[in-house]
Amino acid sequence: MTTHRLPLLPLRVGALFPSVVLTVPVGRDKSTALVQTLTRGDLVLVGRQRSGEALDPQREDLHDIVTVARVHRVVRTTDGTLRLVLEGVGRAR
């Protein structure tokens, strides 16, 4: 069995499922730093936080099942915020 290490992007609200395309606003410093390293076609894990209150979520703050997602676009809006367009391609633990 092959094990891949993918970066993890925690979501405060919402969820991404396989075969769904979702635009995600990015605001936290760590998430912004991660997104700035991503390009079209890259894979990333997207995990839903159990509570949106955690400012620096750790693995235990996320639900056990995450979604493997492919990056479609990284968009910087006119006000400087980032949005990430993702497509869910599978699930992982």
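The values are calculated or read from the model by the stated rules, or taken from the named source; none is laboratory data. Predicted, not measured: the structure shown is a model, and the values here were computed from it. Neighbour counts run over all protein chains shown; Cβ positions are idealised from the backbone, glycine included. Accessible surface areas use protein heavy atoms only, side chains included; no ligands, DNA or RNA. Shrake-Rupley method; radii C 1.70, N 1.55, O 1.52, S 1.80 Å.
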Margin query: I'd like to verify a number: residues in region 78-93 that are farther than 19 Å from Asp64 by Cα and exposed (fewer than 14 other Cβ atoms within 10 Å of the Cβ), how many?
Written below: 4
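Here is a yes/no grid of residues against (1) open to solvent by 80 Å² or more (accessible area, probe 1.4 Å); (2) at positive phi; (3) free of Cβ contacts under 8 Å to residues at least 60 places away in the same chain; (4) of a type outside the set (D, E, K, R):
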site	(1), (2), (3), (4)
Gly14	no, yes, yes, yes
Val24	no, no, no, yes
Gly41	no, yes, yes, yes
Val44	no, no, yes, yes
Ala54	no, no, yes, yes
Note to self: Can you tell me how many residues within region 15-55 are over 19 Å from Val75 (Cα atoms) and out of contact with any helix residue (DSSP H, G or I) (no Cβ under 8 Å at 6 or more places or on another chain)?
What the structure shows: 9
Next item on the list: Confirm whether Thr2 is more than 12 Å from the chain's Cα centre (by Cα), open to solvent by 90 Å² or more (accessible area, probe 1.4 Å), modelled with pLDDT of 90 or more and of a type in the set (Val, Ile, Thr).
Entry: no
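Here is a list: Val74, Val44. Which entry is within 13 Å of the chain's Cα centre (by Cα) and closer than 12 Å to Leu9 by Cα?
On the way: Val74 fails: closer than 12 Å to Leu9 by Cα.
One residue alone meets the criteria, Val44.
Looking at Gln49, is it at pLDDT below 90, in contact with a Pro (Cβ under 6 Å, 6 or more places away or on another chain) and open to solvent by less than 90 Å² (accessible area, probe 1.4 Å)? Before the answer, list the steps.
Working: at pLDDT below 90: yes; in contact with a Pro (Cβ under 6 Å, 6 or more places away or on another chain): yes; open to solvent by less than 90 Å² (accessible area, probe 1.4 Å): yes.
Yes; evaluated as a whole, the condition is true for this residue.
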Checklist line | Candidate set: region 26-39, residues that are out of contact with any Ser or Thr (no Cβ under 7 Å at 6 or more places or on another chain) and among the β-branched types (Val, Ile, Thr); chosen: the one surrounded by the most Cβ atoms within 10 Å (Cβ to Cβ) | finding: Val35
Check: Among the residues of region 64-77, which ones are of a type in the set (A, V, I, L, M) and either open to solvent by 30 Å² or more (accessible area, probe 1.4 Å) or at pLDDT below 95 (or both)?
Finding: Ile65, Val66, Val74, Val75
Next item on the list: Given the conditions (1) under 19 Å from Leu6 (Cβ atoms); (2) modelled with pLDDT of 85 or more, report the number of the one that Asp61 does not fulfil.
Entry: (2)
